[in-house]
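Laboratory data are not the source of any read-out in this text; all were calculated from the coordinates shown. Values in this document were obtained by computation on a predicted structure and should not be read as measured data. We place every Cβ from the backbone using ideal geometry, glycine too, and count neighbours over all the protein chains shown.
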Amino acid sequence: MTLPTELKDHQTELHRFKVRLVVGAVFVFLLFLILGGRFFYVQVMQHEHYRTLAENNRITIVPIVPNRGLILDRNGVVLARNYSAYTLEITPSKVPDLEATIDELSKLVEITPKDRKSFKKLLDESHTFESIPIRARLNEYEVARFAANHYRFPGVEIKARLFRQYPFGETASHAIGYIGRINDSDLGRLEESGEISNYRGGDHIGKTGVEQSYEKELHGVTGFEQVETDASGRAVRTLSRTPPISGSNLFLGLDIRLQEIAEKAFGDYHGALVAIDPRNGDVLAFVSEPAFDPNLFVDGIDSANWEALNDSPDHPLTDRALRGLYPPGSTFKPFMALAALALHKRTATSAIHDPGYYMLPGSSHRYRDWKPGGHGTVDLHKAIVVSCDTYFYGVANDLGIDNIHRFMSKFDFGRKTGIDIEGELAGLVPSQKWKWRRFKQRWYPGETVITGIGQGYTLTTPLQLAYATAILAGGGVTYTPHLVRAIQDSRTDLVHNVALHRSADLSLKPEDLALVKDAMIDVNRPGGTAVVAWAGVPYTVAGKTGTAQVFGIKQNEKYVASRVAERLRDHALYIAYAPAEDPKIAVAVVVEHGSHGGSTAAPIARKVMDYYLLGKLPQDKAVPATHEEGGPHD
Amino acid sequence: MIRRLLKGFGAHLDGFLLAALITLMAVGLVVLYSASGQNVDKVASQALNMLVALAVMWAVANVPPQHLIRLALPTYVLGLGLLVAVALFGEVSHGARRWLHLGVTRIQPSELMKIAIPLMLAWYFDRYQAVLRLKHYGIAACLFLVPVGLIARQPDLGTALLIIASGFYVLFLAGLPWRVMVGLLALFAASMPLLWSLLHDYQRQRILTLLNPSLDPLGAGYHTIQSTIAIGSGGIFGKGWLKGTQAHLDFLPESATDFIFAVFGEEFGLVGGLLLLTLFLVITARGLAIAANAPTLASRLLAGSITFTFFTYAFVNMGMVAGILPVVGVPLPLVSYGGTSMVTVLLGFGILMSIQTHKKLVKT
């Protein structure tokens with residue numbers, strides 16, 4: 001019985017297959033007709049059209065590079081602009097003997113050994129059919145002289161190009177960043193994102209800072225001309241032109257005057273300062289000292305300058321505000337105090353007796369306070385004002401490391417703040433899980449104790465400290481910090497503000513915040529650790545000093561004998577916001593090897609705030625606070 | 001003696017198909033000579049590619065189809081494993097992760113999949129033919145959509161789409177119900193707006209450019225504009241061999257590989273183009289005839305899918321060069337310069353010949 005069914009099945013199956021095969025074949029034939037029809041259309045009906053295009057005229061498509069958007073500060077001061085200048089360029093594939101040609105050219109136009117070097121470097125990076133600049137910024141006299149001799153130099157041309165210029169040089173260079181020539185890895189990225197064709201004819205791209213992170217907005221859209229050329233490739237007429245669309249202008253939250261004051265205030269010190277408007281997350285100042293001149297990078301930096309910058313023991317290229325990891329030291333204490341209040345481990349009135357050290361129950365090890373002999377009876381207010389270590393050792397131990405980790409994460413300690421430039425480091429607030437993953441070791445209670453005063457594994461960037469201070473100032477409201485506050489469309493000239501990212505409110509209790517704020521105000525008053533910096537201040541400032549044991553930014557720093565003494569000094573930290581009753585600015589300052597927050601870091605913050613809130617310029621010719629000890633220890 | 005040896009040597013080759021294939025390859029060499037700017041070295045190296053590919057074809061043709069089909073599962077698993085390896089450790093070149101370094105040589109596992117997918121699906125339907133239900137089509141679809149997903153991620157959208165096609169052909173030939181096909185088509189059309197809203201701006205821009213090259217004359221559209229000019233200027237009889245101007249004036253990039261048909265169209269005109277198209281049609285027809293006469297379900301499905309896929313390649317390539325299809329990186333089979341695609345295509349024809357020539361032996 002089964003056999004006939006199977007046979008029948010086989011027959012129907014075979015029949016169905018053949019039907020399908022025929023359907024497929026019909027499709028194939030249809031596609032054949034479509035292609036044949038297309039050939040007929042293009043090669044017979046449109047033949048004349050295409051023949052004209054192909055033979056009599058040669059159409060080339062010439063890209064037109066758009067103007068890059070400007071970068072301006074919050075008051076409209078230009079921080080990055082373009083200017084047009086003539087460059088002398090060589091297309092290597094059209095030149096039989098490069099060396100001889102360059103030698104000949106140098107008789108007409110000055111070509112320095114530096115020019116030759118950077119030309120060689122570009123030559124190695126480029127294709128031989130690309131036009132490579134040998135001399136930039138020719139003056140009119142040089143242009144005229146070359147033009148008269150142009151016929152002697154096939155493959156050499158004068159081109160008008162737009163150059164990027166940063167009029168303020170080193171000022172705010174880490175925030176603004178710089179552009180440079182497109183390299184292989186840039187090309188790969190552009191190819192992947194499908195933007196490669198928008199870069200035809202152009203050769204620069206944002207490399208760091210805002211220039212990099214807002215590349216898309218700044219670059220604009222490349223236009224093109226369809227040009228009819230004669231047999232020798234000379235343009236005869238333009239057939240069509242699609243104009244380029246200039247890039248958008250960026251308005252930063254930075255106030256360049258404020259930035260200059262802040263950078264000057266550092267004097268010879270290294271370090272970082274970030275100032276944020278707690279009402280919206282605008283970054284008002286973004287300092288990393290020492291800085292570098294971004295203008296050096298625009299035409300391809302020469303090796304002498306590059307080595308000087310890259311090998312300097314001062315690391316001017318490292319963005320300390322974004323990537324410098326420092327233990328927060330005592331600036332951590334206001335946040336610890338908030339944690340203690342929020343998790344009901346301390347009240348406003350609960351006090352301890354500080355004998356000058358703290359001991360874990362059942363242990364005889366003494367965790368010392370910075371003040372030998374201790375501060376006597378200490379409540380939460382006093383603990384912040386005099387920066388009592390013993391008090392916060394106990395707070396940390398009662399909270400436990402995992403509670404500290406959880407609470408501090410709300411302030412984005414140990415996380416990236418999400419600022420709008422690339423390369424930010426996350427810092428670290430340790431937890432038991434973290435230590436196990438990292439070292440395969442269990443957590444020791446002593447490590448919790450020192451976390452209470454911002455030492456141990458805890459690391460923060462100056463940006464994070466400023467952001468956390470801004471959150472504190474704003475009463476627990478968080479606005480993701482951003483350098484760019486508004487973008488101006490080049491076609492409509494309309495300025496639209498960037499969207500503010502307001503994350504969920506931290507739901508801190510107003511009475512807890514008030515307690516911490518009052519203590520931070522008293523830090524800057526007689527009896528507090530930052531009193532020397534704030535003598536006669538007409539507004540109220542809430543602040544906190546800090547000292548961090550030295551960690552080099554990088555391990556491979558060069559050993560410089562004369563600097564050892566300074567290099568062993570602690571880092572000075574200071575956070576503050578003002579006016580305390582209606583905060584408009586929150587600042588974090590880190591002064592590397594500055595010893596004490598109160599004496600070196602707080603005066604810098606004062607200069608910034610005086611200018612921002614009062615419009616007052618520093619009077620003491622921007623000499624930084626003395627290197628000598630001054631004011632109470634923190 | 002020599003005759004008998006020759007006869008034994010050619011016993012598993014299909015004479016008609018072989019003749020057509022060799023004609024096509026000869027055309028390829030002739031155009032390549034012109035497209036490469038009369039570069040003899042390049043032509044010689046392509047001839048060598050062809051010899052290697054023909055040897056592979058001969059070897060495969062000598063293996064009985066039932067043995068080939070037995071290799072389906074291992075080949076498929078191997079290919080899938082290699083694709084996963086590429087995703088994890090692959091070498092990135094030009095922004096895409098396609099190659100896998102194996103000490104001495106590097107391989108592109110997506111090429112293997114072009115054969116492995118039809119083989120696997122043919123084996124699968126053969127195995128379940130007695131109990132075939134709708135769910136089997138679903139499983140079969142998954143079998144090819146998983147590797148396609150990996151290939152699309154590389155990203156190599158062109159290859160992914162063509163592998164989808166080769167898998168779909170097996171499903172179609174195996175009797176995927178019409179209503180399902182119509183349903184899927186309707187579903188796809190309906191979900192277009194949603195998919196569109198999920199895309200990034202630059203991805204949308206890319207798709208728009210694919211549909212209308214003049215939107216991006218500096219990038220992807222440039223190729224199409226130039227190749228259409230080249231073909232159109234060829235006219236009815238063409239400009240004559242070596243007399244094309246567009247390809248030789250560097251207007252046309254990739255003129256030896258993906259865009260070689262533009263050179264052909266310019267130099268040999270409409271007449272040449274139609275003849276070449278007919279040659280592709282003849283090869284396809286022969287393949288379909290082999291499929292129709294194949295003895296088992298597996299070999300029918302395999303032969304059918306390979307043949308349709310071959311024509312699809314040719315159509316997509318010529319359509320792209322003639323400016324009616326988006327630019328995807330698909331070579332013109334047996335004509336474009338390059339060894340990998342040559343081997344893959346002729347390996348497929350080796351399978352067709354094996355199916356055709358082992359039939360009688362099975363019956364006796």
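Straight-line reach from B:Lys7: taking Cα to Cα under 29 Å and skipping same-chain neighbours fewer than 8 places apart, the lysines in range are B:Lys359, B:Lys360, B:Lys363.
Rounded if a/c is under 1.5, else prolate if a/b is larger than b/c, else oblate: which is chain A, with a ≥ b ≥ c the root eigenvalues of its Cα gyration tensor? Note, shape of chain A comes out oblate.
Compared with the dominant principal axis of the Cα atoms in chain A, helix A:98-108 is inclined by about 80°.
Please work out whether the stretch A:435-537 counts as rounded, prolate or oblate from its C-alpha gyration tensor, where a ≥ b ≥ c are the square roots of the eigenvalues and a/c under 1.5 means rounded, while otherwise a/b larger than b/c means prolate and anything else oblate? It is oblate, given that a/c is not under 1.5 and a/b is not larger than b/c. Annotation for A:Val537 and A:Glu511: the two label points, set 7 Å from Cα along the Cα-Cβ direction, are 2.8 nm apart.
Mean per-residue shielding of peptide A:377-387 is 0, counting Cβ atoms of other chains within 10 Å of each Cβ. Applying the Karplus relation 6.51 cos²θ - 1.76 cosθ + 1.60 with θ = phi - 60° to the stretch A:356-371 yields 3J(HN,Hα) values of x, 7, 10, 10, 6, x, x, 9, 9, 6, 9, 8, 7, 7, 5, 9 Hz, where x marks Gly and Pro. Of the trypsin sites (Lys or Arg not before Pro) found in the stretch A:276-378, those in coil by DSSP whose Cβ has at most 13 other Cβ atoms within 10 Å are A:Arg366.
How far, in degrees from 0 to 90, does helix A:389-399 lean away from the longest principal axis of the Cα atoms of chain A, to the nearest 10? The answer is roughly 70 degrees. Counting only other chain Cβ atoms within 10 Å of each residue's Cβ, the peptide A:13-23 averages 5.
The distance between label points at A:His49 and A:Met359 comes to 9.7 nm (points 7 Å beyond Cα on the Cα→Cβ vector).
Separation of the stretch B:165-186 from the stretch B:13-59 is 35 Å, based on Cα centroids. The H on the amide N of A:Phe224, modeled in the peptide plane, is under 5 Å from the matching H of A:Ile64, A:Thr242, each at least 5 residues off or on a different chain. One chain, two ends: B:Leu195 and B:Leu51. Fully extended at 0.36 nm per residue, the span grows by 47.3 nm beyond their Cα-Cα distance. Using the Cβ-Cβ distance between A:Arg81 and A:Val22 with R0 set to 56 Å, the FRET efficiency works out to roughly 0.20. Axis of helix A:256-265 versus longest Cα principal axis of chain A: the two differ by about 50°, to the nearest ten degrees.
Counting only whole DSSP H helices of chain B, the ones at least 20 Å long by C-alpha along their axis and with mean Kyte-Doolittle hydropathy no lower than 1.0 are B:15-35, B:40-61, B:72-89, B:134-153, B:157-173, B:178-198, B:260-293, B:297-321, B:339-357. Here's the picture: charge each Lys and Arg Cβ at +1 and each Asp and Glu Cβ at -1 in the protein assembly as shown, and of A:Gly177, A:Thr545, A:Val591 the one pushed furthest to the positive end of that dipole is A:Gly177.
Once a ≥ b ≥ c are taken as the square roots of the eigenvalues of the Cα gyration tensor of chain B, is the result rounded (a/c under 1.5), prolate (a/b larger than b/c) or oblate (a/b not larger than b/c)? It comes out oblate by the Cα gyration axes.
In a reduced charge model with +1 at each Lys and Arg Cβ and -1 at each Asp and Glu Cβ, chain A shows a dipole moment near 1120 debye about its Cα centre. A dipole drawn for the stretch A:61-252 from +1 and -1 charges on Cβ atoms has a positive end, and of A:Gln226, A:Pro96, A:Phe146 the residue lying farthest that way is A:Phe146.
Distant-in-sequence amide contacts of A:Gly414, defined by a placed amide H-H separation under 5 Å and a gap of 5 or more residues or a different chain, comprise A:Leu428, A:Val429.
Using a simple spin-label model with pseudo-atoms 7 Å out from Cα toward Cβ, A:Thr492 and B:Phe16 lie 6.6 nm apart. For A:Leu252, the residues 5 or more places off, or on other chains, whose built amide H falls under 5 Å of its own are A:Leu72, A:Asp73, A:Arg74, A:Arg485. Run the paramagnetic zone check for A:Asn183: 7 angstrom along Cα to Cβ, then residues of the stretch A:318-347 with backbone nitrogen under 17 Å. Output list for this probe position: A:318-319.
For B:Thr245 and B:Ala44, FRET efficiency with R0 = 35 Å and r from the beta-carbon atoms, rounded to 0.05? The pair B:Ala44/B:Thr245 has a calculated efficiency of 0.85.
Remark: for residue pairs A:Lys94/A:Lys216; A:Lys333/A:Lys440; A:Lys120/B:Lys42; A:Lys94/A:Lys120, the C-alpha separation exceeds 23 Å in A:Lys94/A:Lys216; A:Lys333/A:Lys440; A:Lys120/B:Lys42. Estimated from the Cβ-Cβ distance and a Förster radius of 25 angstrom, the FRET efficiency linking A:Val143 and A:Glu225 is about 0.60.
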